[in-house]
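J.: Have a look at the structure that comes next, please.
All of the numbers you see were taken from the coordinates with simple rules; none came from a lab. Quick caveat, the model's predicted, so the values are computed rather than measured. Cβ placement follows ideal geometry from the backbone for every residue including glycine, while neighbour counts extend to all protein chains displayed.
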Amino acid sequence: MYRLIDGKEVSNYIKGKVRDEIISLGEKGIKATLAVIIVGNDPASRVYVNNKKRACEATGIVSREYALPEETAEAELLSLIAELNNDKEVNGILCQLPLPSHIDEKKVIDAICPEKDVDVFSEVNVGKMWVGDYDVASCTPKGVIELLEYYDIPLEGKNCVIIGRSNIVGKPMASLLLEKNATVTVCHSRTTDLSFFTRNADIIVAAVGRKRFVTADMVKEGAVVVDVGINRDENGKLCGDVDFENVKEKCSYITPVPGGCGPMTIAVLMKNTLAVTKKQNNV
Ligand code: GUN
């Protein structure tokens, strides 16, 4: 019998704790402000940015949106970031990805000063995470860790298999699981005999970006399956990287899509915005 991991419940718990701290900072005359930049008209990015703004409202974080047209020049975006870096009222900055193809994403990410990089995408902050010297961790991977810890799922010594090696999820996920003393294998779309690895996994984190990629035959009885994927199925419905209906019966715990990892990414973003605000104010 599997247990469903409820990302909405855990994210509400985290946002509640952030809200309490934002209120007590407010009593000291400190407010937290997050600047969110969106370039172009990508509908998925618009949904994510709206959700981030809603989470800011729920936690008492001030949000500022900078919506720039698709044809914005890279130099213009870099100059907005420079302005926000120097704005004492702004504590956190994020630029929603993907960016239009004429803009160099890496250049933009690294232009955000590390002290305000709440996504933890900049090379300085990624490096700090890998050496274990950090105040903020990548939102989605940290959200996965928070989910597992909330349900008291042990990580130490466990065989964890990550499917996907992106800079946003797969790689930082490996770093955080290693820090928890898990044994980590990072697989990806070109891994030979993927099932060999996944069938031995106590915990699978699927972040490959392919709908229903993880099937029941790939999963060990009693495994924990965390699905980071957000895809659309043939009917336009949201679905993850895991064939949920068939995989769930083999699991001890499994995350649904939606309602699993998605809400956690934003909850950790709020937590990160609080953390950088405290650091900047020596709290
Ligand atoms: N695009 C997809 N996920 C993310 C995220 O976590 N942060 C930003 N800035 N862009 C994204």
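J.: So the label point goes 7 Å from the Cα of LEU238 along Cα→C-beta, right? Which residues of segment 47-82 then have their backbone N under 16 Å from it?
T.: Under 16 Å, as judged by backbone N against the label point of LEU238, lie 47-55 of segment 47-82.
J.: Need one number for segment 142-283: average projected area of the convex hull over its C-alpha atoms, nm². Let's see the in-between values first.
T.: Details: hull surface 36.7 nm².
For the Cα atoms of segment 142-283, the hull's average projected area reads 9.2 nm².
J.: Viscosity 1.567 mPa s, temperature 4 °C: give me the Stokes-Einstein translational D for segment 199-260 in µm²/s, with Rh taken as the Kirkwood radius over C-alpha pairs. Write down the numbers at each step before the final one.
T.: Details: Rh = 11.2 Å.
D, rounded to a whole number, is 115 µm²/s.
J.: Sort VAL108, VAL208 by Cβ crowding within 10 Å, fewest neighbours at the top. Provide the component values of the computation, followed by the final result.
T.: Details: VAL108 21, VAL208 25.
Going from sparsest to densest Cβ surroundings: VAL108, VAL208.
J.: Considering only Cα-Cα distances, which of the following residue pairs are longer than 32 Å: LYS171/LYS271; LYS116/LYS250; LYS237/LYS278?
T.: Details: LYS171/LYS271 21 Å; LYS116/LYS250 42 Å; LYS237/LYS278 40 Å.
Violating the 32 Å Cα-Cα cut-off are LYS116/LYS250; LYS237/LYS278.
J.: So what are the three principal axis dimensions of segment 70-216 from its Cα atoms, in whole Å, longest to shortest?
T.: Answer, in whole Å and largest first: 49, 30, 23 Å.
J.: Convex hull over the alpha-carbon atoms of segment 1-52: what's its volume per residue in Å³? Display every interim value, and only then the final one.
T.: Values: hull volume 4.5 nm³, N = 52.
Convex hull of Cα atoms, per residue: 87 Å³.
J.: Can you give the translational diffusion coefficient of segment 1-110 in µm²/s, computed by Stokes-Einstein from the Kirkwood radius over Cα pairs at 4 °C and 1.567 mPa s?
T.: For these conditions, the coefficient is 83 µm²/s.
J.: Report the rotationally averaged projected area of segment 115-168 based on its alpha-carbon convex hull, in square nanometres. Don't jump to the answer; show the numbers that get you there.
T.: Working: hull surface 17.7 nm².
That works out to 4.4 nm².
J.: Among ALA55, VAL276, ALA82, whose Cα projects farthest towards the positive end of the dipole of the chain, with charges put on the beta-carbon of Lys, Arg (+1) and Asp, Glu (-1)?
T.: ALA55
J.: Let me ask something else about it. Taking the Cβ of each residue in THR255, THR72 as the centre, tally the other Cβ atoms inside 10 Å and list the residues starting with the fewest. Mind dumping the intermediate values first?
T.: Working: THR255 28, THR72 17.
In order of increasing Cβ crowding within 10 Å: THR72, THR255.
J.: Taking the chain as the reference, fit the longest principal axis to its C-alpha atoms, fit the long axis of helix 139-150 to the helix C-alpha atoms, and give the angle between the two in degrees, 0 to 90, nearest 10.
T.: Taking Cα atoms only, the helix is inclined about 60 degrees.
J.: Among CYS251, CYS113, what is the fewest-to-most ranking by other Cβ atoms within 10 Å? Mind showing how you got there, number by number?
T.: Numbers: CYS251 24, CYS113 15.
Sorted ascending by nearby Cβ count, the order is CYS113, CYS251.
J.: Right, another one. Note down the nm distance, to one decimal, between modelled labels 7 Å out along Cα→Cβ at SER79 and at GLU123.
T.: 2.6
J.: For the Cα atoms of the chain, what angle does the longest principal axis make with the long axis of helix 170-179, in degrees from 0 to 90, nearest 10?
T.: 80
J.: Could you give the angle, 0 to 90 degrees to the nearest 10, between helix 262-280's Cα long axis and the longest principal axis of the Cα atoms of the chain?
T.: With both axes taken from Cα atoms, the answer is about 40 degrees.
J.: Eigenvalues of the Cα gyration tensor times 5, then square-rooted: what semi-axes does that give for segment 47-145, in whole angstrom, largest first?
T.: 21, 18, 14
J.: Inverting the mean 1/r over all pairs of different Cα atoms, compute the Kirkwood radius of segment 177-219 and quote it in Å.
T.: Values: mean 1/r = 0.0883 Å⁻¹.
Its Kirkwood hydrodynamic radius stands at 11.3 Å.
J.: List the pair-distance distribution P(r) of the chain, using every Cα-Cα distance, as the percent of pairs falling in each 10 Å bin from 0 up to the bin containing the longest distance, rounded to whole percents.
T.: Whole-percent P(r) values from 0 Å outward: 7, 28, 35, 23, 8, 1.
J.: Between Rg and the Kirkwood Rh of segment 77-119, both from Cα atoms, what is the Rg to Rh ratio? Don't skip to the end; give the middle numbers.
T.: Values: Rg = 10.1 Å, Rh = 10.6 Å.
Here the Rg-to-Rh quotient is 0.95.
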